[in-house]
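The values are calculated or read from the model by the stated rules, or taken from the named source; none is laboratory data. Because the structure is predicted, anything quoted here is derived from the model rather than measured. Cβ coordinates were reconstructed from backbone atoms using ideal geometry, including for glycine residues, and neighbour counts include every protein chain displayed.
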Amino acid sequence: MLISPIIERLKATIPTLMPVFSNRIAGAADYAAVEDMARLALPSMYVLLSNDTATTLSNPSFLEEVEEQFTVIVVLDNQADRRGQSAQNQIHAVRAALFSAILNYQNDPDAHTIEYVGSRMLSMDKARYFHEFTFRQRIWLGEEDSTQRSFDNFNKFYADYNLTTSDPLDQPDAQDHLDNLYNP
């Protein structure tokens, strides 16, 4: 999964829904980078790749279904109410904006549309409140995605061969047997 198109989609749609996020949406490699070095002004959003899981299918058309997940970490200002209640009150509006922006968005033409998985509070300190929203998309892997190919149309066999004579000292019993077969 590429996160750049998701980031671009959020940058194009979220500011119209919630102007406070204008120019405050970026990508990150992991949560520690967001928590330690969040450089965007608050409030802000960071998109991160998350888990992949694969399930083997019994459908002969597909080998596996892969669920790719990504998270959107929202960082809100927590200075006015260090208990986090004010920040948590904003989560409902942020979630609605994320739903409008990326639910049913098809990031990859070979994948299912983006679906919501869930959310949770990650952490908070005196200045910031971190909340994570998780989304997924599913892709299917078939024979064309693997190195193994079907041999359904395999109907000819060509072989190159080279006959050599054996040294009787290497395999005397086999050579004697062959000599007796062809020279009675």
Take the conditions in contact (Cβ under 8 Å) with a residue 40 or more places away in the chain, among the charged types (D, E, K, R) and surrounded by fewer than 17 Cβ atoms within 10 Å (Cβ to Cβ) and apply them to Glu115. Does it pass?
no
Which of the residues spanning region 15-36 are assigned to a helix (DSSP H, G or I) and farther than 22 Å from Met124 by Cβ?
Pro15, Thr16, Leu17, Pro19
Kindly indicate whether Arg95 is farther than 16 Å from Met18 by Cα and of a type in the set (Lys, Arg).
no
Given the criterion acidic (Asp, Glu) and within 20 Å of Asn107 (Cβ to Cβ), identify the matching residue among Glu35, Glu68.
Glu68
Among the residues that make up region 69-81, is at least one of them of a type outside the set (Lys, Arg), part of a helix (DSSP H, G or I) and in contact (Cβ under 8 Å) with a residue 12 or more places away in the chain?
no
Criterion first (over 18 Å from Ile7 (Cβ atoms) and at pLDDT 90 or above) does Ala93 satisfy it?
yes
Going through region 68-112 one residue at a time, which ones are within 19 Å of Thr53 (Cβ to Cβ), touching a Lys or Arg at 6+ places or on another chain (Cβ under 7 Å) and buried (at least 19 other Cβ atoms within 10 Å of the Cβ)?
Glu68
Can you tell which of Leu57, Leu10, Leu63 is over 27 Å from Lys126 (Cα atoms), touching a strand residue (DSSP E or B) at 6+ places or on another chain (Cβ under 8 Å), loosely packed, with under 15 Cβ neighbours inside 10 Å and aliphatic (A, V, I, L, M)?
Leu57
Of the residues Ala38, Ala28, Ala32, which single one is hydrophobic (A, V, I, L, M, F, W, C), surrounded by 14 or more Cβ atoms within 10 Å (Cβ to Cβ) and either at pLDDT 90 or above or more than 24 Å from Glu115 (Cβ to Cβ) (or both)?
Ala38
Could you tell me whether region 13-25 includes any residue that is modelled with pLDDT of 90 or more and within 15 Å of the chain's Cα centre (by Cα)?
no
May I ask you to list pairs of residues, at least six apart or on different chains, whose Cβ atoms are under 8 Å apart, with the first in region 127-139 being over 15 Å from Asp36 (Cα atoms) and modelled with pLDDT of 95 or more and the second being outside any strand (DSSP E or B) and of a type in the set (D, E, K, R)?
Phe133/Arg95
